[in-house]
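Working notes, structure below.
Read-outs: derived from the displayed coordinates by stated rules, not from any lab. Source: prediction; values computed, not measured. A quick note on method: Cβ atoms are made from the backbone with ideal geometry, for glycine too, and the neighbour counts reach across all protein chains shown.
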Amino acid sequence: MFEEIKFPGQHENEKIILFLRRHWFIFLMRILLILISIVALVVIYVFFNSVNSNFRESAYYNLFLFGESLATLFIWNFFFILWLDYYLDAWIVTNERVINIEQRGFFTRKISELKLTKIQDVTSEIIGVIPTLFNYGNIHVQTAGEQEHFVFLQIPDPNYVKSVIVELQEKERLSEEKELGEIIRGNNKSGLSP
Amino acid sequence: MSLIFFFYLFIILIYLAIGAAIIFHMLYYRINRHVATIMFFIYVIGGILLLTLNYSFYRAVNWYGVFSGTGF
C-alpha cells in the first residue's frame, strides 16, 4: 500500500502501517489565501476596465498587465510553498516506531522518532465544530520520563489512528517480552545442565 | 531604461531563487517519488509559461511613456 513512500533512515524490513498528513481541510484553508489573491487580481482588472472605458488604449494598460502577471508569478511560487509545507509534514507509523517529519519554512526540518515499546500513553482529541464535522484532530503520544512528547497535528480520523498505535505497541511489547523470556529460559537451561 | 531593466532583473532573480529552493525541497526531500515528479513538472512548466508571459508584458510596456507622464 505504501510502496511508493520512502523516508530518511528507513530500515530494510520496516513496514509502513500508517502514513499521515494533516487533514485536507487544513490545506484547503491555506489554499483559500491563494484563491483570494487570484480573485483580487481579477476584481482589480474588472474595476479598472469599468472605471475607465479607454483603459485598454492607455499607456498604463500594458504596465497594469505586467504588474498583474508579476503578481501571478509570485502567487504561483506561494502556492507551491504552501503545498510543500503540507506535503513535507508527515507522521509515519511503522511496525517498529513512530516517525515525525516536520518542515517549517525552507530551512528548518526536524525528524524525530519513537520506538513503539517506549510509548506509555496515547491520547486522541477532536476539538471544535469543524474538526468534529470533518473528523480530524490531534494525537498525543506520551513516553516514559523526560523523553520526547509526540503530537500528531490535525490528522484525519485520530481515534482510529490511536487504536492502531495502541494495538501495534501492545504487539511489540508482547514480542519483546517473549524474546526476553526465551533469552532467560535459554540462560537457565545452560545454567542447570551439568 | 536600464535602471528599470536591473530592477526587473532583481525581481526575477528573487523569483528564481525561491523557485530553486522549491525544486530542491520537492526533489531532495521527496517522500513519494511519483507525486514529487508530477508536481515538479507542473511547477516548472507553469513557471516557464508565466515567466515568458511576464517578459512579453515587460517588453510591451512603453517605459519611457509611463515615466515621462509621471514626471520621472
Cα-based Rg and Dmax for the stretch A:1-131, in Å, come out at 22.6, 73
Could you give the alpha-carbon Rg of chain B over 2.2 N^0.38 Å, rounded to two decimals? 1.52
CD proxy, 222 nm, the protein assembly as shown: helix-only mean residue ellipticity via -39,500 (n - 2.57) per DSSP H run with n ≥ 4, per residue, nearest 500, stands at -21000 deg cm²/dmol
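Mind putting a number on the dipole of the protein assembly as shown about its Cα centre? Charges go on the C-beta only, +1 for Lys and Arg and -1 for Asp and Glu, and I need it in Debye to the nearest 20. Mind showing how you got there, number by number?
Working: 21 positive and 23 negative charges, 109 e Å.
In total the dipole reaches around 520 debye.
Using the structure shown, select from A:Lys15/A:Lys171; A:Lys110/A:Lys171; A:Lys115/A:Lys178; A:Lys15/A:Lys110; A:Lys118/A:Lys162; A:Lys6/A:Lys178 the pairs with a Cα to Cα distance greater than 20 angstrom. It would help to have the intermediate numbers written out before the result.
Working: A:Lys15/A:Lys171 14 Å; A:Lys110/A:Lys171 28 Å; A:Lys115/A:Lys178 17 Å; A:Lys15/A:Lys110 22 Å; A:Lys118/A:Lys162 15 Å; A:Lys6/A:Lys178 31 Å.
Over 20 Å Cα-Cα: A:Lys110/A:Lys171; A:Lys15/A:Lys110; A:Lys6/A:Lys178.
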Candidates A:Glu170, A:Glu113, A:Glu57; GNM for chain A (alpha-carbon contacts under 10 Å) flags as most fluctuating A:Glu57
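Considering only DSSP states other than H, G, I, E and B, which trypsin sites (Lys or Arg not before Pro) in the stretch A:1-80 qualify as loop sites with at most 11 other Cβ atoms within 10 Å?
Values: sites: A:Lys6, A:Lys15, A:Arg21, A:Arg22, A:Arg30, A:Arg56; in loops: A:Lys6, A:Lys15, A:Arg21, A:Arg22.
Sites meeting the loop and neighbour criteria: A:Lys15.
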